[in-house]
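What follows is a set of notes on a single structure, which appears directly below.
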Amino acid sequence: MIEEIIEKLNVLLQKANYETLALGNFAAKKNKFCFDLLVKKNDLVFSVKVIPNIDNLNPNIVRDIKSLSTILKSKPLLIGIRNRYQKLEDNTIYLREDLPFITLNTFENILNSNYPHILARRGGGVVFLDGLLMKALREDHLLSRKELSDKLGVTKRTLCAYENESMRPSEKIAKKILELLENDKLFRKINIFEWPIKVEIKNFELFEGEELTEFETHVQEIIKDIGVSSYWYKKGSIPFKLSLYSISDKKESEGFYPLFSGITEEQGKINEMSFKCLKMFTKLFHKKSLFIINNGIKIPEKFRKEKIPIVKIGNLEKVDDEEEFIELIQDS
């Protein structure tokens, strides 16, 4: 079922002239990554993930969805199938861990400029109304706040909260308002791509020693000594290991960062899936990447032809500062 939804999403997006990229075949084994598709159209970038049960979220997936959104200045498009009780309803946004989930049908409606206006909450959904329009319509109908509040069965204070949008009415109350004020433009459409994603990525995101291998710990120490910040993806829901940032605001603004990086410490081979992902990210988001490998690994010719720098740990150890680090990447 998940594969069918991803296939349909891909078709819908491509018909709407979005550029989509996926890792592998949709029908392949279960995707452990924090995205099923990466999508771009002009300046709009988002990552797509289909979640079978939105009440059974993997905390690491949630963390990486949020961090990826921050890194790429993108938004997640999260398609949910059900919660613990039932299938998700259309035209409704469900919040879990401050992330918005919608159905496939809701997304198809969004592509046709029909945005949802219901936010699901325990005890029933609430409706986003245009408070200024509601006030204007009430006055056009020559209704005082007291009169309209009595007709709705709410307090005058609650009605004021609806009009200044500090409170949202239930679906039942919103339906009454619509019947009384007779204007379906009252519903404020919710653009899912403008939903604020709350996440903090700290400089030098360090992990306990047992969470990183000896090789990864060594890489982290070198990067820190160079004077570059690192954010690690240790649980595997992003198919490369870390992102690098400059401590200097000037360097950040020059467009070199964020720098995506894969790591291979096994002797004799490069992780092809991680390398493929870096190549995909570089192409879609016009970002720079590098691949850090152990000294004993031979670089196959097919990897040499790619535009992703492959840096051996021994060469990284010789770098003294960020300027030399940037030169090494550019020369590679």
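The values are calculated or read from the model by the stated rules, or taken from the named source; none is laboratory data. Quick caveat: nothing in here was measured; it's all calculated off a predicted structure. Neighbour counts are summed over all protein chains in view; Cβ atoms, including those assigned to glycine, are modelled from backbone coordinates with ideal geometry.
Would you please name the residue that is surrounded by the fewest Cβ atoms within 10 Å (Cβ to Cβ), looking only at residues in the stretch 260-292 that are among the aromatic types (Phe, Trp, Tyr) and in contact with a Phe, Trp or Tyr (Cβ under 8 Å, 6 or more places away or on another chain)? Spell out how you get there, then give the answer.
Filtering the stretch 260-292 down to residues among the aromatic types (Phe, Trp, Tyr) leaves 260, 275, 281, 285, 291.
From what's left, in contact with a Phe, Trp or Tyr (Cβ under 8 Å, 6 or more places away or on another chain): 260, 275, 281, 291.
Numbers: Phe260: 26, Phe275: 21, Phe281: 24, Phe291: 26.
If we take residues in the stretch 260-292 being among the aromatic types (Phe, Trp, Tyr) and in contact with a Phe, Trp or Tyr (Cβ under 8 Å, 6 or more places away or on another chain), then Phe275 is surrounded by the fewest Cβ atoms within 10 Å (Cβ to Cβ).
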Inset, instruction - Identify, from the list Ala16, Ala28, the residue that is modelled with pLDDT under 80 and more than 17 Å from the chain's Cα centre (by Cα). - result: Ala28
Inset, instruction - Find all pairs meeting these conditions: Cβ atoms under 8 angstrom apart; at least six residues apart or on different chains; first residue within the stretch 35-61 and more than 22 Å from Arg84 (Cβ to Cβ) and in the same structural domain as Lys15 (by TED's automatic domain parsing); second residue surrounded by fewer than 17 Cβ atoms within 10 Å (Cβ to Cβ) and modelled with pLDDT of 90 or more. - result: Lys41/Ala16; Lys41/Asn17
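How many residues does the stretch 33-55 contain that are in a strand (DSSP E or B) and in contact with a helix residue (DSSP H, G or I) (Cβ under 8 Å, 6 or more places away or on another chain)? So that I can check it myself, show each step before the final result.
Taking the stretch 33-55 as the starting set, the residues that turn out to be in a strand (DSSP E or B) are 37-41, 44-53.
Checking the rest, the ones that are also in contact with a helix residue (DSSP H, G or I) (Cβ under 8 Å, 6 or more places away or on another chain) come to 37-40, 44-50, 52.
Residues in the stretch 33-55 being in a strand (DSSP E or B) and in contact with a helix residue (DSSP H, G or I) (Cβ under 8 Å, 6 or more places away or on another chain): 12 in total.
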Legend entry - the stretch 203-218, subset modelled with pLDDT of 50 or more and in a loop (DSSP other than H, G, I, E, B), residue surrounded by the fewest Cβ atoms within 10 Å (Cβ to Cβ): Thr213
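Confirm whether Met280 is within 23 Å of Glu214 (Cβ to Cβ) and either touching a residue at least 24 places away in the same chain (Cβ under 8 Å) or not assigned by TED's automatic domain parsing to the domain that holds Asn42 (or both).
no
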Legend entry - Every pair of residues 6+ apart whose Cβ atoms lie under 9 Å, when the first sits in the stretch 219-235 and is among the basic types (Lys, Arg) while the second is at pLDDT 80 or above and surrounded by fewer than 16 Cβ atoms within 10 Å (Cβ to Cβ): Lys235/Asn58; Lys235/Pro59
Legend entry - Which listed residue, of Leu9, Leu77, Leu57, Leu111, is more than 30 Å from Leu244 (Cα to Cα), touching a strand residue (DSSP E or B) at 6+ places or on another chain (Cβ under 7 Å) and at pLDDT 90 or above: Leu9
Legend entry - Segments classed as strands (runs of 3 or more DSSP E), wholly inside the stretch 66-164, with at least 3 members that are touching an Asp or Glu at 6+ places or on another chain (Cβ under 8 Å) and over 26 Å from Asn53 (Cβ atoms): none
